[in-house]
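Beneath this line is the structure, given in structure tokens, with notes to follow.
The values are calculated or read from the model by the stated rules, or taken from the named source; none is laboratory data. All of these numbers come straight from a predicted model, not from anything done at the bench. Positions of Cβ are backbone-derived with ideal geometry, glycine not excepted, and every protein chain shown enters the neighbour counts.
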């Protein structure tokens, strides 16, 4: 499965979350590190859902850019 993650610049590096996985977040000093950490966070999150016998929903969010005039 592919999960959309949103990566945001912070004062100390980067933070990330997945809109399809409530509460699944991570941070990192670089883009590469936050993506690696987020992959691990998603794996851990899904493992926890599985162990609890909870349903793992298919990802539904998507991303796009809209051009607007300023």
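Tabulated results
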quantity: Per-region count, region 14-23, residues in a loop (DSSP other than H, G, I, E, B) and under 17 Å from residue 62 (Cα atoms); calculated: 5
quantity: Check on residue 57, over 11 Å from the mean Cα position of the chain (by Cα), surrounded by 10 or more Cβ atoms within 10 Å (Cβ to Cβ) and modelled with pLDDT under 95; calculated: yes
quantity: Matching residues in region 14-24 - criterion: being surrounded by fewer than 18 Cβ atoms within 10 Å (Cβ to Cβ) and free of Cβ contacts under 8 Å to residues at least 24 places away in the same chain; calculated: 15, 22, 23
quantity: Complete set of residues in region 1-13 that are without any contact (Cβ under 8 Å) to a residue 12 or more places away in the chain and touching a strand residue (DSSP E or B) at 6+ places or on another chain (Cβ under 7 Å); calculated: 8
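Yes or no, residue by residue, for (1) at pLDDT 95 or above; (2) under 12 Å from the mean Cα position of the chain (by Cα); (3) in a loop (DSSP other than H, G, I, E, B); (4) surrounded by 18 or more Cβ atoms within 10 Å (Cβ to Cβ):
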residue: 4; (1), (2), (3), (4): yes, yes, yes, no
residue: 8; (1), (2), (3), (4): yes, yes, no, no
residue: 12; (1), (2), (3), (4): yes, no, yes, no
residue: 26; (1), (2), (3), (4): yes, yes, no, yes
residue: 32; (1), (2), (3), (4): yes, no, no, no
residue: 35; (1), (2), (3), (4): yes, yes, no, no
residue: 40; (1), (2), (3), (4): yes, yes, no, no
residue: 45; (1), (2), (3), (4): yes, yes, no, yes
residue: 50; (1), (2), (3), (4): yes, no, no, no
